[in-house]
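J.: Take this structure, written in structure tokens, and hold onto it; I'll ask about it next.
The values are calculated or read from the model by the stated rules, or taken from the named source; none is laboratory data. All values reported here derive from a predicted model rather than from experimental measurement. FYI the Cβ positions are ideal-geometry reconstructions off the backbone, even for glycines, and counts take in every protein chain you see. These accessible areas exclude ligands, DNA and RNA; they are computed on the full protein's heavy atoms, side chains included. Shrake-Rupley method; radii C 1.70, N 1.55, O 1.52, S 1.80 Å.
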Amino acid sequence: MDRNILHACREDPRRTSTDIQVSVTSLNEPVPSSRTIRRRLQVAGLHGRRPVKKPLGHVANWFRRRRVDLLEWSSQSPDLNPIENMWEELERRLKGVRASNANQKFAQLEAAWKSIPMTVVQTLLDSMPRRCQAVIDIKRYPTKY
């Protein structure tokens, strides 16, 4: 069992003790606890196999405790994130523009950002109700946005 635990950990060093527990469990052997797996890894000199708590989970819990209703969508959803369109606009404005250093690049980005008309921003904001409805209608699959 110890050999299997160490092998699973070395195979993928980012695995948590729970992931390792699932991968080393067989029908003929008892299931080791996550704590046992962590101790065995520690004895072998392998540390830090705990899952990292995501800060957004804490935020979501804060909202739940205060009974705030949240919309459910993927945190990486470009359909509901108009800033993605703004980044594309910025890229279009800087296409072919080269910078010789980071300061020059920052100045170019800042100038291009300031040159985007407020009508573009307002159009994106006005599209949000349509975007939300499109995501609801398509049931979380990609939309035209």
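J.: Return the sequence-ordered ³J(HN,Hα) values of the stretch 98-103 in whole Hz as given by the Karplus equation 6.51 cos²θ - 1.76 cosθ + 1.60 applied to θ = phi - 60°, using x for Gly and Pro.
T.: 10, 10, 8, 7, 5, 5
J.: Roughly speaking, what is the stretch gain from K105 to N28, that is 0.36 nm per residue apart minus the C-alpha to C-alpha distance, in nm to one decimal?
T.: That pair, K105 and N28, stretches by 21.6 nm at full extension.
J.: Right, next: In whole Hz, with x marking every Gly and Pro, tabulate ³J(HN,Hα) for the stretch 7-22 from phi via Karplus 6.51 cos²θ - 1.76 cosθ + 1.60, θ = phi - 60°.
T.: 3J(HN,Hα) across the stretch 7-22, in whole Hz: 4, 4, 5, 5, 5, 9, x, 8, 5, 8, 4, 5, 4, 5, 4, 5.
J.: Given points 7 Å out from each Cα along the Cα-Cβ axis, report the L70 to M86 separation in nanometres with one decimal.
T.: 2.2 nm
J.: In addition: Could you tell me whether the stretch 89-140 comes out rounded, prolate or oblate from its Cα gyration tensor? Rule is a ≥ b ≥ c as square roots of the eigenvalues, rounded for a/c under 1.5, then prolate if a/b exceeds b/c, otherwise oblate.
T.: Prolate, because a/c is 1.5 or more and a/b exceeds b/c.
J.: Using only the heavy atoms of the protein chains and a 1.4 Å probe, how would F106, F63 rank by accessible area, largest first?
T.: Ranking F106, F63 by accessible area, largest first, yields F106, F63.
J.: Please give the length that would be gained between R35 and T119 if that part of the chain were fully extended, namely 0.36 nm times their separation in residues minus their C-alpha to C-alpha distance (nm, one decimal). Walk me through the intermediate numbers first.
T.: Values: separation 84, 0.36 × 84 = 30.24 nm, distance 5.72 nm.
Full-extension gain reported as 24.5 nm.
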